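Structure record follows, encoded as structure tokens.
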Amino acid sequence: ESAPYVLKNLGYSTHAVHNNEANFYGRRSIFPNLGFDTFTSEEYMARENEKNPNGWVKDEVLTDEILKCLDSTEGPDYVYTISVQGHGDYPSEPVLENPEITVSGAPTDELNNKWEYYVNQIHEMDDFVKELTDKLADYPEDVVLVMYGDHLPTFSFTNDTMKNADIYQTEYFIWSNFDMEKIDMNLQAYQLSAAVFERLRISQGY
């Protein structure tokens, strides 16, 4: 059982989107088995994909691909998207020309360079989130957007360096283009889809 199969039984079309190669982690085989009707990988994205210095496709390409999935059917859609722009390993040498954000104060120049690269990538990812929510705010169907990180960035974090004292905890948020009550809670990753389904009064599945 999976979220796509549960929603397919309720009339949803299910789509996976990933701005990386289809073979990465075997996703071209795995996504159909999880219940996805379509899978759009980097190879099938229409426009020229700009890459960052680490070679990852920038997340800005995802906005149009998500909207294409939503526009592809008249009924409801479930779109699961995996982004890659912020992935490491982060370069220890300066690689950005005229970065919007500069970093200083780390113990070494190498670490300053790593942080500077990272924060500029997530700054551009923030721009992608803003563009996406602006487009979805005016979308003619009700939309719920859930975003989460599956791990912290690849720095040498320990529990002692984290404000929440847990290197296995990441942030998530739930956004919608209609009124939903704001609820703050900590969740295990496996609880997230069930928590969203409950908010939407979807009771099928485990």
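State yes or no: is residue 146 in a loop (DSSP other than H, G, I, E, B) and open to solvent by less than 80 Å² (accessible area, probe 1.4 Å)?
No.
Might you check whether a residue that is of a type in the set (Gly, Ala, Ser) and touching a Leu at 6+ places or on another chain (Cβ under 7 Å) occurs anywhere in segment 78-98? Working first, answer last.
First pass over segment 78-98, keeping only residues of a type in the set (Gly, Ala, Ser): 83, 86, 88, 92.
Then keep just the ones that are touching a Leu at 6+ places or on another chain (Cβ under 7 Å); that gives 83.
Within segment 78-98 (the criterion being of a type in the set (Gly, Ala, Ser) and touching a Leu at 6+ places or on another chain (Cβ under 7 Å)), the answer is yes, since at least one residue qualifies.
What number goes with the only condition from (1) exposed (fewer than 14 other Cβ atoms within 10 Å of the Cβ); (2) more than 20 Å from residue 130 (Cα to Cα); (3) touching a strand residue (DSSP E or B) at 6+ places or on another chain (Cβ under 8 Å) that residue 10 does not pass?
Status for residue 10: all satisfied but (3).
Condition first: more than 30 Å from residue 7 (Cβ to Cβ) and among the polar types (S, T, N, Q). Now tell me which residues in segment 69-127 satisfy that.
92, 98, 102, 104, 108, 112, 113, 120, 121
Considering 80, 44, which residue is among the hydroxyl-bearing types (Ser, Thr, Tyr), open to solvent by 40 Å² or more (accessible area, probe 1.4 Å) and modelled with pLDDT of 95 or more?
Values: 44 fails: modelled with pLDDT of 95 or more.
Just one listed residue meets the conditions, 80.
Residue pairs, Cβ under 9 Å, 6 or more apart or interchain, first in segment 70-88 and under 30 Å from residue 113 (Cβ atoms), second acidic (Asp, Glu) and open to solvent by 40 Å² or more (accessible area, probe 1.4 Å). List them.
82/150; 85/60; 85/124; 86/124
Cβ-Cβ under 6 Å, sequence separation 6+ or interchain: first residue in segment 163-192 and over 21 Å from residue 129 (Cβ atoms), partner among the aromatic types (Phe, Trp, Tyr) and at pLDDT below 95. Which pairs?
Listed pairs, sorted by first residue: 167/157.
Going through segment 126-143 one residue at a time, which ones are open to solvent by less than 40 Å² (accessible area, probe 1.4 Å) and part of a helix (DSSP H, G or I)?
128, 129, 132, 133, 136, listed by residue number.
In the set 155, 197, which member is farther than 25 Å from residue 70 by Cα and open to solvent by less than 70 Å² (accessible area, probe 1.4 Å)?
Answer to the check: 155.
Tally up the residues in segment 161-176 that are assigned to a strand (DSSP E or B), open to solvent by less than 70 Å² (accessible area, probe 1.4 Å) and not β-branched (Val, Ile, Thr), please.
Of the residues in segment 161-176, 3 are assigned to a strand (DSSP E or B), open to solvent by less than 70 Å² (accessible area, probe 1.4 Å) and not β-branched (Val, Ile, Thr).
The values are calculated or read from the model by the stated rules, or taken from the named source; none is laboratory data. Please read all numbers here as calculations on a predicted model, not as lab measurements. Cβ sites come from the backbone with ideal geometry, for glycine too, and all protein chains shown count toward neighbours. Side chains are part of the model used for accessible areas, which takes the heavy atoms of the whole protein and leaves out ligands, DNA and RNA. Shrake-Rupley method; radii C 1.70, N 1.55, O 1.52, S 1.80 Å.
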